[in-house]
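The values are calculated or read from the model by the stated rules, or taken from the named source; none is laboratory data. Just so you know, these numbers come straight off a predicted model, no measurement behind them. Virtual Cβ from ideal backbone geometry, glycine too; neighbours counted across all protein chains shown. What goes into the accessible areas is simple: the full protein's heavy atoms, side chains included, and nothing from ligands, DNA or RNA. Shrake-Rupley method; radii C 1.70, N 1.55, O 1.52, S 1.80 Å.
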Amino acid sequence: MTRQLQIKSYAKINWALDVLFKRADGYHELRTIFQTVSLFDRLRITETDRNIEIVCNDPRVPCDETNLAHKAAAALREATGTSKGARIEIEKNIPVAAGLGGGSSNAAMTLLALVKLWEVELDDRAMIRLAASLGSDVPFFLTGGTALGIGRGEDVSSVEQVRADHLLLVNPGFAVSTRDAYEKLSRLTTSEASSRIPFTLRAARGIRELPLEASNDLEEVVLGVHPEIAEVKRRLVSLGARHALMSGSGATVFGVFDNSQLTEQAASEMRMLGYWTEPVRAIDRSEYQSTIFE
Ligand code: ATP
């Protein structure tokens, strides 16, 4: 019998992203609040004899060993010493290089699925370390929901779960490189960043309300290069969003609405303007953990 698992690979947004300073190792010290949302890729993972093979319906996603799901499988094989292989089919729905963490999510889901399929053992700490070695956002996707990320974002702790049922994701259609965004930031804001108390430090004590006062330190530099993102934010607010913010390093913007009617209206307006648009809701930790395996 073929052993196969189908798994949902959810996208994330960042309710807030504070960049504190550039560290000696070259990474930026962050405080971020992650949130999984109801947009997902679907992974179908089949156990094979030896090789790791990637198939993807989106030509922008590499199918070789640079694919994050491939890297995850190879790293797990190395860590556990198994000689088994896997065929990983990725049905991409999450825009690529869009600040929605699609690749990181695929990597984390590959780890969770292959531990089951290959019947290998890895304790929680080893799993988190392995995830962090694949990318800063990967450990977050092992648990999902609303979470605080510190360090490079890889040190994740759970916070109060935020409820948000009427979110709209809007992507203007160009990719933003995460690395470029951070490089620009260090030139512009390093000195001022350390002098303020970031929202996420206060929020670490527990968010009860939607973090509408939160900001994203990468916005200023990314908006400088891509003013269209500011235009998307303005339009979302004029269409009734209580709050609109760029997610991660962009270019996706999320709008927070009060009801589904306003959300749907805004979605159709934004689609008419040619933007990729998706109404979503926040997925909390318990829903995340009970729905990823289909
Ligand atoms: P992050 O915010 O974690 O940097 P992102 O959402 O901005 O992520 P991704 O969609 O994860 O960006 O893609 C980043 C890059 O990784 C893309 O240029 C893409 O070619 C590459 N990549 C490798 N594997 C994958 C994958 N499984 N899914 C999507 N992109 C992948």
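Could you grab the pairs with beta carbons closer than 7 Å, sequence gap of 6+ or different chains, first residue in the range 85-106 and at positive phi and in contact (Cβ under 8 Å) with a residue 40 or more places away in the chain, second one within 7 Å of the ligand (Cβ to nearest atom) and among the acidic types (D, E)?
As it stands, the answer is G101/D137, since those pairs meet every condition given.
Given (1) open to solvent by 10 Å² or more (accessible area, probe 1.4 Å); (2) within 16 Å of the ligand (Cβ to nearest atom), where does H166 come up short, assuming only one miss?
(2)
Among the listed residues I7, I13, I90, which satisfies the condition of being in a strand (DSSP E or B), under 17 Å from the mean Cα position of the chain (by Cα) and under 20 Å from S157 (Cα atoms)? Can you show your working first?
On the way: I7 fails: under 20 Å from S157 (Cα atoms); I90 fails: under 20 Å from S157 (Cα atoms).
Answer to the selection: I13.
If you check E78 against the conditions, is it free of Cβ contacts under 8 Å to residues at least 60 places away in the same chain and away from the ligand (no atom under 12 Å from the Cβ)?
For E78, the condition - free of Cβ contacts under 8 Å to residues at least 60 places away in the same chain and away from the ligand (no atom under 12 Å from the Cβ) - is met.
Kindly establish whether S133 is open to solvent by 10 Å² or more (accessible area, probe 1.4 Å), touching a helix residue (DSSP H, G or I) at 6+ places or on another chain (Cβ under 7 Å), over 22 Å from E294 (Cα atoms) and part of a helix (DSSP H, G or I).
Working: open to solvent by 10 Å² or more (accessible area, probe 1.4 Å): yes; touching a helix residue (DSSP H, G or I) at 6+ places or on another chain (Cβ under 7 Å): yes; over 22 Å from E294 (Cα atoms): yes; part of a helix (DSSP H, G or I): yes.
Judged against the criteria, S133 is a match.
Does the range 87-105 contain any residue that is more than 21 Å from I128 (Cα to Cα), open to solvent by less than 30 Å² (accessible area, probe 1.4 Å), away from the ligand (no atom under 15 Å from the Cβ) and in contact with a Ser or Thr (Cβ under 8 Å, 6 or more places away or on another chain)?
Checked against the condition, which is being more than 21 Å from I128 (Cα to Cα), open to solvent by less than 30 Å² (accessible area, probe 1.4 Å), away from the ligand (no atom under 15 Å from the Cβ) and in contact with a Ser or Thr (Cβ under 8 Å, 6 or more places away or on another chain), the range 87-105 yields no hits at all.
Restricting attention to the range 256-277, and to residues there that are in contact with a helix residue (DSSP H, G or I) (Cβ under 8 Å, 6 or more places away or on another chain) and either closer than 21 Å to V225 by Cα or among the acidic types (D, E) (or both), which single residue is nearest to the ligand (Cβ to nearest atom)?
Within the range 256-277, the first condition is being in contact with a helix residue (DSSP H, G or I) (Cβ under 8 Å, 6 or more places away or on another chain), and the residues that meet it are 257, 266, 269-270, 273, 275, 277.
Of the ones still in play, those that are also either closer than 21 Å to V225 by Cα or among the acidic types (D, E) (or both) are 269, 273, 275.
On the way: E269: 25, L273: 22, Y275: 17 Å.
Here the residue is Y275.
Which condition number in (1) within 10 Å of the ligand (Cβ to nearest atom); (2) of a type outside the set (D, E); (3) not in a loop (DSSP other than H, G, I, E, B) is the one that V19 fails?
(1)
Can you confirm whether the range 52-66 contains a residue that is closer than 21 Å to V96 by Cβ, in contact (Cβ under 8 Å) with a residue 60 or more places away in the chain, more than 10 Å from the ligand (Cβ to nearest atom) and part of a strand (DSSP E or B)?
no
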